[in-house]
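Single-structure report; data block below.
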Amino acid sequence: MKQLALTLGLVLSLGWALCGQVAPPSFLCVTNDTLIWETPGNNCGAFNAYIVYASQQLNGPYSVLATITDPNQGRYFHQNAGMSTWYYYLESDYNCPGEPVLQSDTLDNRIPEPGLLETVSVNGADVEVSWTPSPSPEVVAYIISRNVPGQGTTILDTVYSGNFFLDSQASPGQRSETYFLEAIDACGNKSLVAAPHNTILLSTEASGPCDRSISLSWNLYQNWPGGIANHEIWVSRDGGSPERAATIDGNATSYLFQNADEGVEYCFTVKALQRDADVSAASNEVCLSVDVVQAVRTLVATNATVTDGGGVRLDWLWNANAEITDVSVLRSDNNSNFEVVNSSAPQQPLMEDNTYTDGQGNPETGVLYYQVRTRDACGEEVSSNVVGTIFLRATAQSGVNALRWTPYLNALGTVQDYSLYRLESGGTPVLVNTFSPNTLQGTDEVNLADPNQIRACYYVEARALVATNDTIEVEAVSRSNTACAEQEAKIFIPNAFSPNEDGRNDAFLPYLQFGSPSDYLMVIYDRWGNQLFSSKDISDGWDGKSKGTRVPVGLYVYYIRIEQANGTVIERNGEISLLR
């Protein structure tokens, strides 16, 4: 130890001499009122003396305590120091005119100030010990000690360089290790022992299969000046990178890790963070696997869409490792008061993607809402988000069919666009238009000269992206019900006819510009209200006879009722002239 100090003193003295300065003695320490130093190596001129200055105040004033004329003398005994605190520094007196005279460090006759433990932190099977340096300039090393059960406090090492020590002989996974720090000077004077710090010992305990949790408990880290700001719980899964699972209060000594999975090795570490400082201390790492009933962790209803057959297909996702005993599909027509429409044990093995087709709901009358509910082997129930069908309405206006629809219904979905389709003869869909996500209506022009366009049927498809978790989206296409619009028929009724059996205008009947009625009635009366003729076939006209006998020329009364396929009823009445 002394040889190290001597070497440092010679190097410093040589450096000062080469710089054209008068170097002081290298002031090492004060022990038993004796000042000890290493002599300098000044070569700028002849040696005169070493001058010792002393004061009982750190900031002075200082006065000459002694003048040492022996160039080889390396110590001085301050006879009258007594029990008082004294401060000293040294200068060299050489015959070096014009050269600046430097002063040594200022030391006192007290023991060194201790360094302060900063943190003792577990890293694997080792403990990393770090500290802040002592403010005493005479300190040359630090003594690291640890409390060893059955042996008391044992010195581990003396550190001469740096402020860090790695203890590879500790057992931080079995007990909370306690460490002590002392500062020492070149004279062997030791500081007081700094406040000890202890490692955090973490222990864990797995719960029952249905609780799916792991209990963590630990001791508090001791003797940080500001105390503990908070604790961070870190966990890795199956050897993966640790992730922070929670941040909790600095006074907490326990934490419940929930939703543990079967067959996963969890490794936990607790990290304490010092208040008002960028300092932390980690516990030992504890690894374990748990035996649990696999819960439903993901249950996402992705879509509800109307099928070609008029039913509703419901799609959903769940985690395929869940131990589900029962799955139910629920339906509502008002987004409340859901009723179970199907309940059964799921097919094994479970698949991630699932579907069910509801043939009992009627999507033609309004929106239908759906939800999936599961029960696991522990009796715990989980419900999915709600999804709904799109309800389309079609209204015939003059030469135009107006379409309106309800929005795509899924809180986890984002609509990309809507597409409107018209069903041509044979059920072939033709794209009418594609609309933005915020558009819920459209129109389709009708060619009234084309009888095939008088009645048109439509459906809407929404294309959406559904978020199944924070990072994964799936595409869903939801189809609405089929809605039809029928333009009102144009009826032309002649005001006279001549039933002469000459092939021209021989029968009285109305003519439709387009369309064919779903229900039809025509009745003919004479002027006294007697019924002469009736027909329910629009192609069957009145031939001017009643009960096979030709009626006289004159005015007769007709009543015509036509009901279209969309339920529209058209009624006409008036007089018709019968001519011969």
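Numbers at a glance
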| quantity | calculated |
| --- | --- |
| Calculated FRET value between residue 344 and residue 423, using beta carbons and R₀ = 30 Å, to 0.05 | 0.30 |
| Residues 37, 234, 528, sorted so that the one with the fewest Cβ neighbours within 10 Å comes first | 528, 234, 37 |
| Point-to-point label distance, residue 210-residue 511, nm (Cα→Cβ direction, 7 Å offset) | 8.1 nm |
| Segment residue 220-residue 275, length gained on full extension (0.36 nm per residue, minus Cα span) | 18.4 nm |
| Residue among 574, 410, 288 farthest towards the positive dipole end of the chain, charges placed on Cβ | 574 |
| Where trypsin sites (Lys or Arg not before Pro) fall in DSSP loop in segment 236-326, at most 15 other Cβ within 10 Å | 275, 297 |
| Gain in span if fully extended, residue 251 to residue 73, counting 0.36 nm per residue against the direct Cα distance | 58.3 nm |
| Rounded Å value of the spacing that divides the Cα centres of segment 369-445 and segment 250-311 | 37 Å |
| Label-to-label distance, nm, for residues given as residue 493 and residue 400 (7 Å Cα→Cβ offset) | 3.1 nm |
| Close Lys-Lys pairs in the chain, where close means Cα under 24 Å and separation is 8 or more or interchain | 4 |
| Value at 222 nm in deg cm²/dmol, rounded to 500, when DSSP H runs of n ≥ 4 in the chain each add -39,500 (n - 2.57) | -1000 deg cm²/dmol |
| Neighbour-count order for 352, 232, fewest beta carbons within 10 angstrom listed first | 352, 232 |
| Sorted by Cβ density within 10 Å, fewest first, the residues 236, 344 | 344, 236 |
| Residue 44-residue 195 FRET efficiency (beta carbon distance; Förster radius 51 Å; 0.05 resolution) | 0.60 |
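Just so you know, all these numbers are worked out from the coordinates, no wet-lab data involved. Quick caveat, the model's predicted, so the values are computed rather than measured. Heads up, the Cβs are rebuilt from the backbone with ideal geometry, glycines too, and the neighbour counts pull from every protein chain shown.
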